[in-house]
Amino acid sequence: MPRRGDSDAATNIHHARIGAGVIWVWCYMNKQVLLTATAIVAALVLSACSDAPKTAAKAETEVKKEPAKAPEAVTAQRAFYEMYKLARGWAPDLVTLSVASGEVPNIKNEAGKAGLWTAVFVSSSRREARRFSYAVLDSGVDIRKGVNVSNAQAWGGATTTSKPFSNSEFVVDSDAAYKAAFENAADWLKKHPDQTATFRLGSASRFAAPVWYVMWGTTKNGYAALVNATTGVIVK
C-alpha cells in the first residue's frame, strides 16, 4: 500500500516535469521569435547596403550629366584680386599704377566685363614696375588662362599724368563704371550701337581719385567718359 509521502513525491515530480516542459516550450518559442527577428534585421541591413551603392551611383551620374560651364568675361575687380594676390609675393609694398581691359578670341566683352585684364603694379622700395595679366582661357601662344607675369622693369616714380593708387580707392568695379558711362554716352550710342567699350583705370594729379576711362570707338571717332573709381560719379 503506497504511503502518503510517496504520493506527494510523485505529485512533485509530475509538477516538475510539467514545469520543465513549459519552460522548454517558452524557450523554444522565444528562440524562434529571436531567430525570426534576427533574420528580419539582417534582411533590412542587406537591403540598405545594396541600396546605398545604387543611390551613390545615381548621384554620381547626375553630377556627371551637368555640363561644364563655358568660360566667360569677368569684371576688373574679379581679375584684379587674382593678380594682386600673386603680386604681393613679388613686392609687399606694391601699389597699382593701372588696370586695363583686353580681348580674348571667342570671349565677348560686354557690360564692363572682359576676357582679359592687365594690371601694372609698382614698388617704391624696388624702384620697379611689373605687368600682370589675367585671362579666362588659353588662346594661341600669347594668352594663357589664369594669372601671367612679365619681367620687372625700372620705374622712376610717380608723375603728374601717372601716379599709383591704393586698393581702398578702387571701390567702383568695371561693370558699375560701365553703367555710369553708358548713361552718359546714351545719345552717341544710339547712333553707334555696335561699338564695344574698352576700359582703363588710372590716376593723375588733376583728379581727386583714380578714374575709369571708358572709351567707345577711337579717340578720333569715338566717345569717352570718365568715372570716379571711388564714388562712381561722372568726372566732368
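What follows draws every value from the coordinates through simple rules; no lab data is involved. Everything numeric in this text was worked out from a predicted model, so none of it was measured. As a convention, Cβ positions derive from the backbone with ideal geometry for all residues, glycine included, and neighbour counts pool all protein chains shown.
Annotation: amide H of Leu201 within the under-5 Å range of Val99, Ala100, Tyr213, sequence separation 5 or more or interchain, hydrogens built in the peptide plane.
Each residue, Ala70 and Asn221, gets one label point 7 Å from its Cα in the Cβ direction; the gap between the two is 3.1 nm.
Label point of Asp93 set 7 angstrom out along Cα-Cβ; within region 144-172, amide nitrogens under 17 Å from it belong to 153-159, 164-167. The distance between label points at Glu183 and Thr161 comes to 3.2 nm (points 7 Å beyond Cα on the Cα→Cβ vector). For the set Lys85/Lys236; Lys113/Lys191; Lys85/Lys220; Lys108/Lys236, the pairs lying more than 28 angstrom apart at their alpha carbons are Lys85/Lys236; Lys85/Lys220; Lys108/Lys236. From least to most packed, judged by other beta carbons within 10 angstrom and beginning with the fewest, Asp93, Asp194, Asp138 follow the order Asp194, Asp93, Asp138. Counted residue by residue at 0.36 nm each, then reduced by the alpha carbon distance between them, the extension gain from Lys145 to Val171 reaches 6.8 nm. Amide H contacts of Val233: Asn228, each under 5 Å away and 5 or more positions distant or on a separate chain (H built 1.01 Å from N in the peptide plane; Pro and chain starts excluded). In a fully extended conformation the segment linking Val233 and Asn106 would gain 42.5 nm over its present Cα-Cα distance, using 0.36 nm per residue.
Using θ = phi - 60° in the Karplus curve 6.51 cos²θ - 1.76 cosθ + 1.60, the 3J(HN,Hα) couplings for region 68-82 round to 5, 6, 6, x, 9, 4, 10, 6, 4, 5, 4, 6, 4, 6, 5 Hz; x is entered for Gly and Pro.
Taking the Kirkwood radius as Rh and the Cα radius of gyration as Rg, region 113-170 has a ratio of Rg/Rh equal to 1.04. Applied to region 90-98, the Karplus parametrisation 6.51 cos²θ - 1.76 cosθ + 1.60 on θ = phi - 60° returns per-residue 3J(HN,Hα) values of 7, 8, x, 8, 5, 9, 8, 9, 6 Hz, with x for Gly and Pro.
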